[in-house]
1. What is the local net charge at Gly417, summed over the other residues whose Cβ is closer than 15 Å to its Cβ (Lys, Arg +1; Asp, Glu -1)?
2. Starting from the Cα gyration tensor of the range 374-696, multiply each eigenvalue by 5, take the square root, and state the resulting semi-axes largest first in whole Å.
3. Just order 88-101, 58-71, 27-40 by mean Cβ neighbour count inside 10 Å, highest at the front, would you?
4. For Phe532, what charge total do you get from the other residues with a beta carbon under 11 Å from its beta carbon, if Lys and Arg give +1 and Asp and Glu give -1?
Amino acid sequence: MALTSLRNTLQRQPWWPRPGNGFDIADWLDQADAQASLAERHIWLIRLVDWLRRGEPVSGAAFVLHLIGQQPARRARVVALLATLWRDVDVAALLADYGFAPRTSFLSELGERLRLRIMPLSPDTTDLGTLFDLIFDHPDDATWVAALNEPTLDQLGALWTDAMAAASASTPAASIPPLGWREPFFDAMLYLATQIRATGFSPAFRSRMGVRVDADFDALPTSAEQMHADASVRQAFRQLARVTERLHELAQTHASVSPHEPWPPAVLQEAQYLRALLDACAQGAQGLHGHLDEHGISVDLVFQIDQLCERCHRLARLLDVVLSPQPGADLRGLLLILVQVGGERRSIRNLVAQHHSQLARKVAERSAETGEHYITRTRAEYWDMLRRAAGGGLVLAGTTFMKFAVFALGLSPFWTGLGAGLNYAASFVLVQWLHFTVATKQPAMTAPAMAAKLANTRDEAAIEGFVDEVAHLVRSQVAGIVGNLAVVAPVVLGIQSLAWWLSGRPLISEAEAHYVLHSLSLWGPTAWYAAFTGVLLFASSLLAGLAENAFVLHRLDSALRWNPRVQAWLGPARAARWASWWRDNVSGLAANISLGLMLGLVPMVATFMALPLDVRHVTLSTGQIAAAVGTLGPAVWHDPALWWCVAAIPVTGLLNVGVSFVLALRVAVRSRNVRVGERARLWGAIRHRLLRRPLSFFWPARG
């Protein structure tokens, strides 16, 4: 899209090359003008490549080169134009900077890619990277560039060789670099080495380099071994730019003495040392992933690690080009890499997927730790889940009446939503502290725990274990929902009966009761709202994982335990207990508070924006229906509206649980890189178990 506006403008011109409109490519080649302005010369090249792309690029490129070589005058004009291109643009900018973020921040790179997608680039530039983006802006460019045959590449190489010779001939002798065309490659290598060194010595890397957990070690290294490894990595970053400069100086000396001789052993030895340093820097950066696994994921740091490793690979690729006696194949490989990198950098989806996969896995793993508590595997655990779900239903019975009280205050929509959200949040936190459970919160937590069983989806035993987890989960959901609903409805009815007996009137009015029966009916948007509530349930689990990851990443438990001011305020023993308590409960608190606030505020915000969104929570809806029955009395049992509300309860529960579970399982499965074919095997195994042992999904087996 970066070239869309420019190309739309150009295509309206009568001279734009279109197949079938009488355009002659030979005439277009004859229009090559080395005396034209910088922008016009670049536009000539952009249109030429676009003409190739519109037809068959491989045969078209061979045909264009044939036409160029057919007439000496035409070839001279094209060579002169390419010579001015080589002389006037910054080649090192393409080699060192193309495909890399100008700032090592994920959000900055996201903004840069959005800018490239929305705003057109100008061909009036001396940055070869920008011109390269304008020339190769199509997703299929890498395919046809890779398909160019050897004769075509040889002709193209001869054309560029003549162009560089012409550029050197028009340059004063004192300004001609001794390394010729290799000079910008060495400049780019120095730029890359400087950027790698700066990243390696950045605060984010320095603070973690001493506490790496290298996955390659068979066992945890001793502190002395770790210190030696870290010192070696820091030495590699320190030496990188210096060795690159020394290699450049040795190459210049050799080129000034014997430019056509093979590289001497001193140059090759220095190049080998540079490769070893690059490997050490890349391995040191990749070793930080182990630290992130242990101490929390930082998206920016993951982005910096990937950028540093890619720069190391780019520098090694440039080194291969400058040292090769026949660099044609290496140059072709480099060109293909640059085209591929350009296509990848234009993709916002690739950026988000690449740099959030590890964060998604860490969030899934942290949710899995919590989700294990919601899965029942034995009959004892099953009965315990029923008891805890009954306790959750008891708390939510009080939540139901508090919601009616908040709405009865007649506040503005925002404050009403905030009050309802605080009511929900306080209730969910109370459920957590009392070690009760709310059934609809389970799926988003248990899905990552199930995905943790997918370490090896090619193993039949692993697939069978996953199906076992599905059966355990379904049983847990059934127990949770039954326990919630079996208590919330009779408790609400009992409170309403007590209110009739003590005060002669119910706690909610008849108008509110009729509104409940109208709004919660299956003949309405209840199913849609229930599915949307499942999305909010999933979002709360995601926020819980993010909150816990941030808590661990910023070492807040250590700060709470060892900060002098906190210790002076709480005392060392209490500070240690508080740090441990927060580490154990931060995920649950984040999930409960965020879910409560979303259930209360999102409907009000949606109403303000005229969006058809509301929430339908199966336990709270059941409590409201029971409250309406308690107000309207026995006559309501003959009202069809009541039974349509009752019919909506299983639909609401199924959508609450199903949507949140599917979304959470999707994130967890993607974080485990489970392929599409392997997912089909998983679903097939679940269907087989359902047909063979359907009772296992509803009742635990003995033992």
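Coordinate-derived values only; no laboratory data. Model, not experiment: these values are computed from the prediction. Note: ideal-geometry Cβ built from the backbone for every residue, glycine included; neighbour counts use all protein chains shown.
1. Around Gly417, the surrounding residues sum to 0.
2. Its equivalent ellipsoid spans semi-axes of 34, 28, 19 Å.
3. Per-residue mean Cβ counts within 10 Å order the peptides as 88-101, 58-71, 27-40.
4. 0
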